[in-house]
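Peer 1: One structure is given below, represented as structure tokens, and several questions about it will come after.
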Amino acid sequence: MAMDTLFAPPGERWQPVSPRLCQLRRVILGFWTGLLGLAGAAAAGLLLGWGYAAAVVAVAAVVFGWGWWVVGRNWRSWGYAERGDDLLVTHGVLFRTLVVVPYGRMQFVDVTAGPAERKFGIAKVQLHTATPATDAEIPGLPPEEAERLRDRLAALGEARAAGL
């Protein structure tokens, strides 16, 4: 069995998360690397000289470039698949994770969106189960898809819990 099929079984209809999640994370990355880079450059320039300030800016640019790449890879790793009896959620690049959430074990489903997520038009679906080890989340869904998934999972969870 290849490593990819271990964390993304073939034959499933895998749904990716929205590209807006990647955009949001890159904006946050740019904000923080820019802010810290400028503050570090100003401090280095005043205390050590402007040559050190230029070095701090160069380091911040390298960190930003590397972070841009990492954010893109992480975003592409997220996916979910709805099956007959359970929901599969996979994510991670270096440390891959596959969570299988049985519908009958679901206790409740949350949909959340903070101010930044709302600005970018995305939401997060949080699945809570009887066992914390099988809790899962799916970030970066369009609000309509998050609502559809919440309603479907809640209905399937109720049906399975009732023994139907």
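The values are calculated or read from the model by the stated rules, or taken from the named source; none is laboratory data. Since the model is a prediction, treat every value here as computed from it, not as a measurement. Because the Cβ atoms are built from the backbone with ideal geometry, glycine has one as well, and the counts that use them run over all protein chains shown. Remember, those area values only see protein heavy atoms, side chains included, never the ligands or the DNA or RNA. Shrake-Rupley method; radii C 1.70, N 1.55, O 1.52, S 1.80 Å.
Peer 1: Give me the orientation-averaged projected area of the Cα convex hull of the range 19-74, in nm², one decimal.
Peer 2: Taking a quarter of the hull surface, the average projection is 3.3 nm².
Peer 1: How much length would be gained if the chain were fully extended between residue 39 and residue 94, taking 0.36 nm per residue of separation minus their Cα-Cα distance, in nm to one decimal?
Peer 2: 16.7 nm
Peer 1: If ligands, DNA and RNA are left out, what is the accessible area of residue 77 with a 1.4 Å probe, given in Å² to the nearest 10?
Peer 2: Its heavy atoms expose roughly 10 Å² to the probe.
Peer 1: Taking Rh as the Kirkwood radius computed over C-alpha pairs, what is the Stokes-Einstein D of the range 79-162 at 20 °C in a medium of viscosity 1.002 mPa s, expressed in µm² per second?
Peer 2: The diffusion coefficient I find is 164 µm²/s.
Peer 1: Read phi for every residue in the range 118-124 and hand back ³J(HN,Hα) as whole Hz from Karplus 6.51 cos²θ - 1.76 cosθ + 1.60, θ = phi - 60°, with x for Gly and Pro.
Peer 2: 4, 4, 8, x, 9, 9, 10
Peer 1: Can you tell me the accessible area per residue over the chain, all protein chains present, probe 1.4 angstrom, in square angstrom?
Peer 2: With the other protein chains kept in place, the chain gives 59 Å² per residue.
Peer 1: Solvent-accessible area of residue 138, probe 1.4 Å, all protein chains present, reported in Å² to the nearest ten, please.
Peer 2: Surface accessible to solvent at residue 138 totals approximately 0 Å².
Peer 1: Within the range 76-105, list the residues whose amide N lies under 15 Å from a label point set 7 Å along Cα→Cβ of residue 13.
Peer 2: Those under the cut-off are 80-88.
Peer 1: Over the alpha-carbon set of the chain, divide Rg by the Kirkwood Rh and report the Rg/Rh ratio to two decimals.
Peer 2: 1.13
Peer 1: Across the range 68-73, in residue order, what do the Karplus-derived ³J(HN,Hα) couplings come to in whole Hz, using 6.51 cos²θ - 1.76 cosθ + 1.60 with θ = phi - 60° and x for Gly and Pro?
Peer 2: For the range 68-73, the Karplus-derived couplings read 4, 5, 4, 4, x, 5 Hz, x marking Gly and Pro.
Peer 1: So for the pair residue 108, residue 154, with labels modelled 7 Å out along Cα→Cβ, what separation do we get in nm?
Peer 2: That separation, rounded to one decimal, is 1.0 nm.
Peer 1: Can you give the net charge of the other residues whose Cβ lies under 10 Å from the Cβ of residue 99, counting K and R as +1 and D and E as -1?
Peer 2: Net charge around residue 99: -3.
Peer 1: Same structure again: For every other residue with a beta carbon closer than 10 angstrom to the beta carbon of residue 124, add +1 if it is Lys or Arg and -1 if Asp or Glu, then tell me the sum.
Peer 2: Net charge in that neighbourhood comes out at -3.
Peer 1: Can you compute 3J(HN,Hα) from phi for each residue in the range 140-149, using the Karplus curve 6.51 cos²θ - 1.76 cosθ + 1.60 with θ = phi - 60°, rounded to whole Hz and x for Gly and Pro?
Peer 2: x, 9, x, x, 5, 5, 4, 5, 4, 5
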